[in-house]
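Heads up, the thing below is written out as structure tokens.
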Amino acid sequence: KHKKDISQNKRAVRRLRTACERAKRTLSSSTQASIEIDSLFEGIDFYTSITRARFEELNSDLFRGTVDPVEKALQDAKLDKSRIQEIVLVGGSTRIPKIQKLLQDFFNGKDLKQEHQP
């Protein structure tokens, strides 16, 4: 809209990243999140919203890659995924519904256990 490049302004980039991280967390429990930053750059306010579907679309390559280390760990341990009895999710990104779905699909619908995380 304003055709401004904020990439060289560390403060503006930091504020945008912080707001995007907050939106990512919101999208774990809601289908839409707003990003609002007053005077982000050169006195210009930044307001937008993003849906969970759009977030998943933008990050689809990253999300698909989450199963790769799981497959590698199973190969290294010479284990078949059918022998896994319990799947415990730990870490902030494991709250993302798309990641949970990919992992659950990989393990043929097995329930995932979400550890309590601060």
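The values are calculated or read from the model by the stated rules, or taken from the named source; none is laboratory data. Since we're looking at a predicted model, the values are computed, not measured. Every residue, glycine as well, gets a Cβ built from its backbone with ideal geometry; the counts of neighbours run over all protein chains shown.
For this structure, a couple of remarks:
- Criterion: without any contact (Cβ under 8 Å) to a residue 40 or more places away in the chain and more than 16 Å from residue 63 (Cα to Cα) - qualifying residue of 75, 104: 75
- Hits in the range 78-101 (condition: in contact (Cβ under 8 Å) with a residue 24 or more places away in the chain and either of a type in the set (A, V, I, L, M) or assigned by TED's automatic domain parsing to the domain that holds residue 26 (or both)): 84, 87, 88, 89, 90, 96, 99
- The set of residues from the range 1-20 being in a loop (DSSP other than H, G, I, E, B) and among the polar types (S, T, N, Q) comprises 7, 8, 9.
- For the range 45-70, a residue qualifies if it is charged (D, E, K, R), farther than 15 Å from residue 33 by Cα and in contact (Cβ under 8 Å) with a residue 24 or more places away in the chain, and exactly one does: 64.
- Looking only at residues of the range 86-118 that are surrounded by 15 or more Cβ atoms within 10 Å (Cβ to Cβ) and of a type in the set (A, V, I, L, M), we find that the one that is farthest from the chain's Cα centre (by Cα) is 87.
- Pairs with Cβ under 7 Å, 6+ apart, first in the range 29-42 and loosely packed, with under 12 Cβ neighbours inside 10 Å, second modelled with pLDDT under 95: 42/4
- Checking residue 50 against (1) assigned to a helix (DSSP H, G or I); (2) modelled with pLDDT of 95 or more, the condition it does not meet: (1)
- Hits in the range 60-85 - residues which are assigned to a loop (DSSP other than H, G, I, E, B) and either in contact with a Leu (Cβ under 9 Å, 6 or more places away or on another chain) or surrounded by 15 or more Cβ atoms within 10 Å (Cβ to Cβ) (or both): 66, 80, 84
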